[in-house]
Amino acid sequence: MKEGNDYHQELSGLLAKWKDKPGNLIMILHEIQNHYGFVPRQLSLQLSALLDVPLARIYEVLTFYNYFKLEAPGKHKISVCMGTACYLNGAPEILRELKSILGVEEGHTTKNGLFQLEVVRCLGCCGLAPVIMIDGKVYDKVKKNDIIDIISKFTRSKEPE
Amino acid sequence: MDKKYILVKDTRRAGSNQTEHFAGLLAAKIQASPAAEAVQVVRAADIGFYDQGLVLKFLPGGPVYLNVSEADLDRVVRETVVGGRVLEDLAAAGTARQLRVVLRNCGVINPENLEEYIRRDGYRALSRALFEYTPDKVIEEFKKSGLRGRGGAGYPTWLKWHLTRSVPGAEKYVICNADEGDPGAYMDRSILEGDPHSVLEGMIIAGYAIGANHGYFYIRAEYPLAIERIGKAIEQARERGLLGTGILGSDFNFEVDIRLGAGAFVCGEETALIASIEGKRGTPRPRPPYPSVSGLWGKPTSINNVETFANVPVVMTRGGDWFAGIGTEKSKGTKVFAVTGKVKNSGLVEVPMGVTLRQIVFDIGGGVRSGKKIKAVQTGGPSGGVIPEDRLDTPVDYENLQKLGSIMGSGGMIVMDEDDCMVDIAKFYLGFCVEESCGKCAPCRIGTYQLLKILERISEGEGRSEDLDRLRLIAQAMQKASLCGLGQTASNPVLSTLNYFETEYREHIQAKRCRSFKCRDLLTYSIIQSKCKRCRQCFLNCPVQAISGDREVGFYIQLDKCIKCGKCFEVCKFNAIARE
């Protein structure tokens with residue numbers, strides 16, 4: 001996590017273009033999200049001070065528009081199917097296992113930013129139940145004990161940045 | 001002279017793709033003809049037609065040939081390429097019904113090149129307006145043209161400009177509404193990406209007519225290419241003196257900025273859009289005062305749609321009378337539609353007002369893709385309604401569509417066949433509105449949710465006999481009491497499906513039956529023993545082991561275990577699974 005001061009520098013860069021324009025808040029939030037992939041709370045606090053706008057005003061806007069994200073998107077997105085077929089075939093158990101391995105609740109991203117855990121209604125492959133999907137790839141007939149293996153594939157391989 | 005292009009694509013579904021082969025042949029024949037230098041053959045990745053054999057598309061503006069055979073190529077080169085004549089027997093039916101006014105430059109010019117736009121009469125309208133017309137005369141010209149807003153409601157453009165002009169004050173604004181959010185609609189996106197200068201020119205002329213010196217493009221953030229192209233167009237125009245102070249040497253000043261939407265459907269509503277440009281939550285406010293009196297920053301503001309602006313330069317160069325010569329009595333000009341759904345040739349079409357829905361779907365769209373019977377056409381997205389098959393001969397204009405319980409809307413047109421369940425469709429649109437309702441006023445926030453709950457109940461087989469009346473009651477209350485257009489029209493999909501397809505609703509409620517097999521909970525699967533070959537496929541594939549039995553006694557579906565996923569129906573090769 002960055003300290004407040006690091007943000008401060010970058011923020012003034014992003015602000016330069018918009019600071020004096022009327023109605024700039026949404027455009028500034030766009031710049032921030034483009035840069036970080038989400039709008040960090042720390043930054044909203046700073047922005048509030050810089051623009052002399054109450055934090056509540058900033059959050060009022062952030063939460064109204066679907067486009068703005070308050071949390072960093074994970075590098076890999078895991079979707080657990082909770083359709084009826086998957087549900088009956090043990091999807092809740094799979095989800096519990098994922099939660100305990102990753103240490104996050106559904107709809108959130110792990111601390112290291114690697115995984116984002118989502119629950120979806122039906123992936124349309126009931127015949128393969130239960131299924132999970134990671135980055136668009138479907139893993140079928142998943143068993144509780146498979147989870148750790150599947151996940152570790154993503155943690156082990158360090159792609160060159 | 002501009003180079004001409006011929007796009008080539010083999011669209012046959014079966015067999016090997018012969019595009020390369022045909023393109024090579026055609027290029028060789030053209031090389032040997034007198035037109036060798038002027039024409040280039042291009043292999044297309046997608047040409048907008050499917051399963052129509054070899055397709056040739058002549059650009060700019062030329063015909064489209066379908067099902068061309070190798071033997072035709074000589075004829076094509078001799079007659080069309082060299083002679084410039086259209087071979088009627090090969091030409092795609094329906095292209096004749098289209099009239100390109102708004103899309104005149106799309107796909108013809110390089111949208112990032114100002115010179116190409118200027119070469120096609122670009123910015124001539126602006127210079128004419130600035131030097132030959134007073135602002136009042138410009139508005140007069142638009143009154144003559146009969147141009148109405150293309151965003152959906154069809155408010156006369158001249159009147160909007162006139163009202164904004166009449167309000168005293170030096171500071172006024174023009175806004176281009178490019179927050180196209182209907183599911184299934186992409187007309188505005190195509191115009192912004194394909195011909196950004198025409199929209200910009202329209203906006204500058206509007207600014208001149210109203211007496212505004214500042215314009216805003218409000219574009220949704222989900223359209224990055226449109227944003228980039230409009231940005232480039234603005235830069236280029238500024239460099240050439242088409243924007244800024246003293247435009248083209250006149251004393252008119254105009255500046256343009258871009259503001260981005262952030263994923264809120266309600267921001268297409270004008271007062272919500274203004275709030276969003278001001279950097280606030282995009283919630284609407286009561287009208288009056290209308291934006292023409294008190295709009296952006298409390299100043300008089302005119303908000304026009306992308307397609308409306310793209311029409312403006314044409315009206316100015318060709319005159320209001322010319323424009324008024326196209327279309328019906330009350331709806332002038334053309335309309336761009338995004339035809340999608342179960343139609344054979346889906347894509348953008350531009351037709352004169354007054355063409356019938358049937359002509360659009362069948363003559364231009366090529367009819368229903370599956371070969372099944374058409375059930376209805378949906379226009380206007382979540383604010384519109386369905387128009388049943390027996391009304392398809394209605395000429396398309398603002399009034400007619402409204403009479404049918406739908407709206408023109410921005411131009412989404414979704415074709416539905418017998419496989420589409422009307423309750424399901426209504427549920428889909430309502431789900432969208434529940435998500436997108438801003439929550440400010442109760443009729444919309446609560447109404448949409450309650451409508452959705454009732455529809456869900458009906459599609460799950462829990463419908464009650466009084467539900468239809470209740471749907472109507474809530475829908476009417478929403479129409480009357482909602483604060484903005486979103487809420488006032490959100491019930492249209494329910495009302496129109498209920499109006500034309502009440503029997504389908506009743507079947508869901510009383511007989512617990514969905515004739516389109518869309519509402520899962522109402523289906524029952526069973527095995528037709530006389531057809532069953534006991535191959536065990538259903539048994540092996542059932543995800544919940546709801547099928548029991550063996551090869552000796554046959555197989556049976558245990559209804560209490562069945563989750564109605566349809567897997568057995570899919571895998572059975574002998575049509576031995578009954579679905580009802």
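Just a few scattered comments:
- Protein accessible area in the protein assembly as shown, 1.4 Å probe - carbon and sulfur %: 49
- For chain B, the solvent-accessible area works out to 42 Å² per residue, with a probe of 1.4 Å and every protein chain left in place.
- Anisotropy class of chain A from Cα gyration tensor, a/c 1.5 cut: prolate
- Here the spin labels are modelled as points 7 Å beyond Cα on the Cα-Cβ line, and at residue A:152 and residue B:540 they lie 3.3 nm apart.
- Summing both sides, the accessible surface hidden between A and B at a 1.4 Å probe radius is close to 2000 Å².
- Whole-Hz ³J(HN,Hα) from phi, Karplus 6.51 cos²θ - 1.76 cosθ + 1.60, for the range A:120-130, glycine and proline x: 10, 6, 7, 8, x, 10, 4, x, 9, 4, x
- Burial annotation for the range B:544-574: residues with an accessible-area loss of at least 10 Å² between the isolated chain and the complete set of protein chains, computed on heavy atoms with a 1.4 Å probe, are B:544, B:563, B:565, B:567.
- Pairwise label distance in nanometres, residue B:155 with residue B:121, each label 7 Å out on the Cα-Cβ vector: 2.9
- Of A:38, B:142, the order by accessible heavy-atom surface (1.4 Å probe, DNA, RNA and ligands excluded), from most exposed downward, is A:38, B:142.
- FRET efficiency for residue B:166 and residue B:297, using Cβ-Cβ distance with R0 set to 25 Å, rounded to 0.05: 0.85
- Accessible area per residue for the range A:28-72 is 47 Å², calculated with a 1.4 Å probe on protein heavy atoms, without ligands, DNA or RNA.
- Solvent-accessible surface, computed for protein heavy atoms with a probe of 1.4 Å, shrinks by 10 Å² or more for the following residues of the range B:234-273 when the other protein chains are added to the isolated chain: B:257, B:258, B:259, B:260, B:262, B:263, B:264.
- Dipole magnitude for chain A: about 260 debye, using +1 per Lys or Arg Cβ and -1 per Asp or Glu Cβ, origin at the Cα centre.
- Residue A:132 - accessible surface, heavy atoms, 1.4 Å probe, Å² rounded to 10: 0
- Accessible surface comparison of B:321, A:52, probe 1.4 Å, protein chains only, largest first: the order is A:52, B:321.
- For chain A, with +1 on Lys and Arg beta carbons and -1 on Asp and Glu, the positive-most of A:24, A:53, A:114 along the dipole: A:114
- Among B:231, B:214, B:488 - extreme Cα towards positive end, dipole of chain B, charges at beta-carbon: B:488
- A straight Cα-to-Cα reach below 19 Å connects residue B:299 with the aspartates and glutamates B:171, B:255, B:257, B:269, B:270, B:278, residues fewer than 8 places away in its own chain not being considered.
- Accessible area (Å², per residue) of the range A:76-156, counting only protein heavy atoms and a probe of 1.4 Å: 53
- When B:317, B:497 are compared by accessible area of protein heavy atoms, the largest-first order is B:317, B:497, using a 1.4 Å probe.
- Residue separation of residue B:28 and residue B:445 scaled by 0.36 nm, minus their Cα-Cα distance, works out to 143.7 nm of gained length.
- Accessible-area value, residue A:77, 1.4 Å probe, nucleic acids and ligands omitted, Å²: 100
- Peptide A:80-88 - average C-beta neighbours from other chains (10 Å radius): 3
- In the assembled protein chains, residue B:144 presents an accessible area of approximately 100 Å² (probe radius 1.4 Å).
- Over chain B, DSSP H runs of length four or greater, each weighted -39,500 (n - 2.57), average out per residue to a 222 nm ellipticity of -10000 deg cm²/dmol.
- Shielding value for A:24-35 is 3, the average number of Cβ atoms from other chains within 10 Å of each residue's Cβ.
- Simple spin-label estimate for residue B:43 and residue B:239 in nanometres, 7 Å along Cα-Cβ: 3.5
- Ellipticity at 222 nm from helices only: DSSP H runs of n ≥ 4 in chain A, each -39500 (n - 2.57), divided by the residue count, give -13500 deg cm²/dmol.
- Per-residue average of Cβ from other chains inside 10 Å of A:63-70: 5
- Here the 3J(HN,Hα) profile of the range B:435-450, calculated from phi with Karplus coefficients 6.51, -1.76 and 1.60 at θ = phi - 60°, is 4, 9, 4, 6, x, 6, 10, 5, x, 7, 4, 7, x, 4, 5, 5 Hz, Gly and Pro shown as x.
- Residues within the reach of a label modelled at residue A:101 (point 7 angstrom out along Cα to beta-carbon, backbone nitrogen below 13 Å), restricted to the range A:118-141, are A:132-134, A:139-140.
- Highest to lowest packing among B:376-383, B:548-555, B:416-423, A:117-124, scored as the average C-beta count within 10 Å: B:376-383, B:416-423, A:117-124, B:548-555
- Each semi-axis of the equivalent ellipsoid for the protein assembly as shown is √(5λ) with λ an eigenvalue of the Cα gyration tensor; in descending order they amount to 45, 36, 29 Å.
- Listing of the range A:92-136 residues, each with accessible area lower by at least 30 Å² in the full protein assembly than in the chain alone (probe 1.4 Å): A:126, A:127
- Chain lengthening between residue B:50 and residue B:70 when straightened (0.36 nm per residue, less Cα-Cα): 5.4 nm
- Remark on chain A: A:122, A:125 stand apart, with no other cysteine beta carbon under 4.7 Å.
- Cut-off 13 Å (backbone N to label point 7 Å along Cα→Cβ of residue B:3), residues of the range B:43-72: B:43, B:60
- Chain B - Rg (one decimal) and Dmax (whole number), Cα, Å: 27.2, 94
- In sequence order, calculated HN-Hα J values of the range A:138-155 (Karplus, 6.51, -1.76, 1.60; Hz; x Gly/Pro): 8, 10, 9, 6, 6, 10, 3, 6, 6, 3, 4, 5, 4, 5, 5, 4, 7, 7
- Net charge dipole size for the protein assembly as shown [Lys, Arg +1 and Asp, Glu -1 on Cβ; Debye, nearest 20]: 1240
The values are calculated or read from the model by the stated rules, or taken from the named source; none is laboratory data. Values in this document were obtained by computation on a predicted structure and should not be read as measured data. Note: ideal-geometry Cβ built from the backbone for every residue, glycine included; neighbour counts use all protein chains shown. Side chains are part of the model used for accessible areas, which takes the heavy atoms of the whole protein and leaves out ligands, DNA and RNA. Shrake-Rupley method; radii C 1.70, N 1.55, O 1.52, S 1.80 Å.
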